[in-house]
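Rule-based calculations on the coordinates, nothing more; no lab input. The shown structure was predicted, so the numbers you read here are calculated from the model rather than taken from an experiment. Don't worry about glycine lacking a Cβ; one is built from the backbone with ideal geometry, like all the others, and counts go over all protein chains shown.
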Ligand code: CA
């Protein structure tokens, strides 16, 4: 299935111009002329991207974005508006829009931004790290092992994803400490060891050891290697 785009715009000429142009580029596009119909379409069909006008005859775009985000829907949204003040731009992005385009705009610019948002969406859905029975969702920070959710602190989460991105690599204490804590490693502090111990405890509630100690060198994130 191709990329599906919903256009919610009450000015028929602008809506037609966008719909026609995007269809020519191979997108599947549908348009709604007011907030109520737009909201209904958002609720009943899956979209890869929503182009949303700020001012609609019934419900405004900002209200719809709030409602969608409160419902946990993260579909990328580009807000279309004639408003150009910085404060409006900030308001739109704060509400949860992913991008903002001021009218009038050139179709080429719209197209470039649509492509960019779509790439970002692809990256977002690819943002789950996994290793055997362990998964870490980069967007929600949810970590699961063998289907069980792990309750990690922010630092444990950073440490774990640091390891998951470097499986099979022996990582020195200095390197881990300096990257995860963003501080110089003095070689004395046992902060790292304390966090490793706690992270291991949580991970091993649901399976074998994954963080291996490599004597004299550091740590290795690996399921099978028992180097100690
Ligand atoms: Ca309008």
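Could you please rank 50, 12, 138, 65, placing first whichever residue has the fewest other Cβ atoms within 10 Å of its Cβ?
Numbers: 50 26, 12 10, 138 13, 65 23.
Ranking 50, 12, 138, 65 by Cβ neighbours within 10 Å, fewest first, gives 12, 138, 65, 50.
Counted over the chain, the DSSP beta bridges are approximately 50% antiparallel.
Each residue in 16, 84, 151 was given a count of other beta-carbon atoms within 10 angstrom of its own, and listing them fewest first yields 151, 84, 16.
Can you sort 14, 62 from fewest to most other Cβ atoms within 10 Å of each residue's own Cβ? Write out the running numbers ahead of the final one.
Numbers: 14 17, 62 20.
So the ranking, lowest neighbour count to highest, is 14, 62.
For the chain, the longest principal axis of the alpha carbon atoms and the long axis of helix 107-125 meet at an angle near 30°.
So what is the 222 nm mean residue ellipticity for the chain from helices alone, if each DSSP H run of at least 4 adds -39500 (n - 2.57) and you divide by all residues, rounding to the nearest 500 deg cm²/dmol? Intermediate results must be reported in sequence, preceding the final value.
Values: 8 runs with 94 residues, N = 228.
After summing the helix terms and dividing by residue count, I get -12500 deg cm²/dmol.
Compute the long axis of helix 86-95 from its Cα atoms, compare it with the longest principal axis of the Cα atoms of the chain, and write down the angle in degrees, 0 to 90, nearest 10. So the inclination is approximately 60 degrees. Axis angle, to the nearest 10 degrees, between helix 35-44 and the longest C-alpha principal axis of the chain: 40 degrees.
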